[in-house]
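Enquirer: The structure under discussion is supplied below as structure tokens; questions concerning it will follow.
The values are calculated or read from the model by the stated rules, or taken from the named source; none is laboratory data. Keep in mind that what you see is a predicted model, and the values were worked out from it rather than measured. FYI the Cβ positions are ideal-geometry reconstructions off the backbone, even for glycines, and counts take in every protein chain you see. For the accessible areas, the whole protein counts, side chains as well, though only heavy atoms, and no ligand, DNA or RNA atoms are used. Shrake-Rupley method; radii C 1.70, N 1.55, O 1.52, S 1.80 Å.
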Amino acid sequence: ALDKELVHMGLTPDMIYVDKDSEGHYRATLLDYGWCFRPKDAANYNLAQMFRLVEPSYAAPEVLAQLGAQAVTPAADAYSLGMIFYEMLAGHTGYAATAVTRDDRLRQQVIANRTPLALKRPELAGAQVPAIIEQAIAPQKRFASIVDFQTTLVKVYGIPPIEKRTKPIRYYVALAIIGALLFSIVISGLYVLLNTAIRG
């Protein structure tokens, strides 16, 4: 279950692993929780270091501006995920800069609330997908958390089917060993009973 109070501070594509289940459905798994914290527990974390180390291409403006734990809410994760979806649908990153000045220039662009170019996917407009992505990365009226983002996407795409994965070979090996042991116990028990009955 998603934690509506947890802030991951800059989710990136590198943290997400996409695989197929046994029925061919794509499944995304979050491999790294990043610099996660709860704003109410901010005193327990070195936020100054966390703010400096986030990836500016996917970090929310309030994170890059280092406004402090009170200003950084789970809405920052909605922004990060929105930028990832934007890149997936647009086919390019939201912000472009030279490699030499990349981080500094990106930080200034994001802090200034410069939104990426419009998402030109007219075939998705009927389902309001571009509008949903724009709401995720909007400076104001952004989704309050990833949970709210998820709820809106589910209204468009529906609930994903339950994941079904092929059981690993070790699972069947273990079943075979257990089965063989049970069979041996039953046979031994029958042998003892038959011997007792014959001798009796």
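Enquirer: At what distance in nm do the modelled label points of Val18 and Ile198 sit from each other, each positioned 7 Å from its Cα along Cα→Cβ?
Expert: 6.8 nm
Enquirer: Let's test the formula: R0 of 30 Å, r as the Cβ-Cβ distance of Cys36 and Thr152. What FRET efficiency results, to the nearest 0.05? Mind dumping the intermediate values first?
Expert: On the way: r = 23 Å, r/R0 = 0.75.
Calculated transfer efficiency: 0.85.
Enquirer: What does the extension gain come out to for Leu53 and Gln66, with contour length at 0.36 nm per residue minus their alpha carbon separation?
Expert: Working: separation 13, 0.36 × 13 = 4.68 nm, distance 1.12 nm.
Value of the extension gain: 3.6 nm.
Enquirer: For every other residue with a beta carbon closer than 12 angstrom to the beta carbon of Met83, add +1 if it is Lys or Arg and -1 if Asp or Glu, then tell me the sum.
Expert: Net charge around Met83: -3.
Enquirer: I've got another one for you. How much length is gained on full extension from Ala131 to Glu5, taking 0.36 nm per residue of separation minus their Cα-Cα distance?
Expert: Contour length minus Cα-Cα distance gives 42.9 nm.
Enquirer: To the nearest 10 Å², what's Lys40's accessible area with a 1.4 Å probe?
Expert: 150 Å²
Enquirer: For an R0 of 22 angstrom, estimate the FRET efficiency from the Cβ-Cβ distance between Tyr26 and Arg121 and round to the nearest 0.05.
Expert: Numbers: r = 18 Å, r/R0 = 0.83.
Efficiency for this residue pair is about 0.75.
Enquirer: While we're here: I want to check the label-to-label distance for Met88 and Ile177. Put each point 7 Å from Cα in the C-beta direction and report it in nm to one decimal.
Expert: 3.9 nm
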